[in-house]
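Quick notes on the structure that follows.
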Amino acid sequence: MTSEARAHDDTEVAEDTKLKRGITGPLLFLFILGDVLGAGIYALMGVLAEDVGGVLWAPLVAALVLALLTAGSYAELVTKYPRAGGAAVFAERAFKQPVISFLIGFCMLAAGVTSAAGLALAFAGDYLSTFIDVPAVPAAMVFLILVACLNARGISESMKSNMVMTVVELSGLLIVIVAVAVMVGGGRGEVDRITQFPDGSVPAMAILGGAIVAYYSFVGFETSANVAEEIRNPSKVYPAALFGALVTAGVVYALVGIASAIALPATELSESSGPLLAVVGASGVNVPDWLFSAIALIAVANGALLTMIMSSRLAYGMAEHGLLPSVLNRVLPQRRTPWVAIVATTVVAMVLTLVGDLSTLAETVVLLLLFVFISTNVAVLVLRRDAVEHEHFRVWTFVPVLGVLSCVLLLTQQTVTVWLFGAILLAVGAVLYLVARAATRRSATRSST
């Protein structure tokens, strides 16, 4: 293909959308990095210490490898079909069954709005009470409204806000790394702990068990597929931003794991509800407690913003493909943001904050995301025979195969309770699909008479 033809194809892909192409490569990199880092890492080390002792870096590296497998499939499909809707659109193209596409999209929507509700409650909980004491649920709802306003204002504004918040939350992790480096430079800490497994454990099984926990800290990269329609030149920009963000997060995680093991014994890490705060305290570096609370608040706020961007774009994309009511694909004339989808997903998230305890639902969300990942990995192989005119990223064939196997491995570790909740949510999704289909038939019948 000539350079002129490639330029023509890129222009055609870029202009064939109602949404504004406002996401550049650096903004996309920070979008993905901010979504992956999230708030979970601030509590992760304590949980991992129970499985692997001081070898905290090993399961984090293993989880990165597992995440990169599925990320390879996303890189191919997003650059091949740069449209909002993500996994639901991929499933529709691959399997030609509207019910499968709807359920995949429903899984993503359930994951998105539930995660946003949980993040809103986390924002309004202990972190916020460090500065102001207000009722959690009303504060969470106000927080979601503010996030929706920023989301509706425009993708460029949202991305720039994410850029600032990502830098802040990354700085919190860098504080941990630097503080322990100063500690080691002063002749303190136990470097030998980074190779010590718990007594009586089998190293390979310990790392696998830890990797299953650590994998959850990398979930979030998939949300970037739902802003594909707003990325400038996605075929060239998306793969570099996706893999770059995941590797950056993995390196930072591994360094934080090493620092945590050097600063504190595994037993102390596992007993702490704020392990990174404990690590900084043990380093002897004078970092105020309120500073970490502020950083955690920003990390939570950033995660909520990115999750709601994903959810609204997913709802918009599904509406564009007839999988949800067409009203959801309406956009603001000037801002070119999907305002109806933003309002709808925000209202659902606000309702979910009334549940209060979302721990079981959060685990169920991960279960549903694994089904989404399996669908996406299979879709890559199915759609290999579907040629497109523009150039796109192509992953090695063995990568999506290994991606499916990694998801199956993680599924085997879920509890019966989580499987039950997942089945209930899928049943609700099936009912909603049948209702939507019935409404579509009635509309078609009226228009034909």
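The values are calculated or read from the model by the stated rules, or taken from the named source; none is laboratory data. None of the values given here were measured: they were computed from a predicted structure. Neighbour counts run over all protein chains shown; Cβ positions are idealised from the backbone, glycine included. Surface areas here come from the heavy atoms of the whole protein model, side chains and all, with no ligands, DNA or RNA. Shrake-Rupley method; radii C 1.70, N 1.55, O 1.52, S 1.80 Å.
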Return yes or no: is Val247 part of a helix (DSSP H, G or I), at negative phi and of a type in the set (A, V, I, L, M)?
yes
Can you pull out the residues in region 227-243 that are crowded, with 24+ Cβ neighbours inside 10 Å and modelled with pLDDT of 85 or more?
Tyr238, Ala241, Leu242
Filter result for the condition that a residue is part of a helix (DSSP H, G or I), more than 23 Å from the chain's Cα centre (by Cα) and farther than 25 Å from Arg93 by Cβ, over Arg441, Arg446:
Arg446
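From the list Met183, Met141, Met165, which one is part of a helix (DSSP H, G or I) and modelled with pLDDT under 90? Outline the logic, then answer.
On the way: Met183 fails: modelled with pLDDT under 90; Met141 fails: modelled with pLDDT under 90.
Answer to the selection: Met165.
Residue by residue, here is whether (1) within 20 Å of Arg93 (Cα to Cα); (2) modelled with pLDDT of 85 or more; (3) out of contact with any strand residue (DSSP E or B) (no Cβ under 7 Å at 6 or more places or on another chain) holds:
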residue: Leu367; (1), (2), (3): no, no, yes
residue: Phe371; (1), (2), (3): yes, yes, yes
residue: Val380; (1), (2), (3): yes, yes, yes
residue: Arg384; (1), (2), (3): yes, yes, yes
residue: Glu389; (1), (2), (3): yes, no, yes
residue: Gly403; (1), (2), (3): yes, yes, yes
residue: Leu410; (1), (2), (3): no, no, yes
residue: Ala423; (1), (2), (3): no, no, yes
Given the conditions (1) more than 29 Å from Ala436 (Cα to Cα); (2) small (Gly, Ala, Ser); (3) open to solvent by 20 Å² or more (accessible area, probe 1.4 Å), and given that Ser326 satisfies all but one, which numbered condition is not satisfied?
(1)
Cβ pairs under 8 Å, 6+ apart, first in region 321-333 and modelled with pLDDT under 80, second of a type in the set (Gly, Ala, Ser) and part of a loop (DSSP other than H, G, I, E, B):
His321/Gly85
If you check Phe123, Phe131, Phe106, Phe102, which single one turns out to be more than 21 Å from the chain's Cα centre (by Cα) and either under 18 Å from Ala299 (Cβ atoms) or assigned to a helix (DSSP H, G or I) (or both)?
Phe131
Under 6 Å between Cβ atoms, which residue pairs at least 6 apart in sequence (or on different chains) link something in region 243-269 that is under 12 Å from Ile177 (Cβ atoms) and β-branched (Val, Ile, Thr) with a partner that is open to solvent by 20 Å² or more (accessible area, probe 1.4 Å) and assigned to a helix (DSSP H, G or I)?
Ile258/Trp57; Ile258/Ile194; Ile262/Val191
If a residue must be at pLDDT below 80, under 12 Å from Tyr74 (Cβ atoms) and among the hydrophobic types (A, V, I, L, M, F, W, C), how many such residues does region 189-226 contain?
1
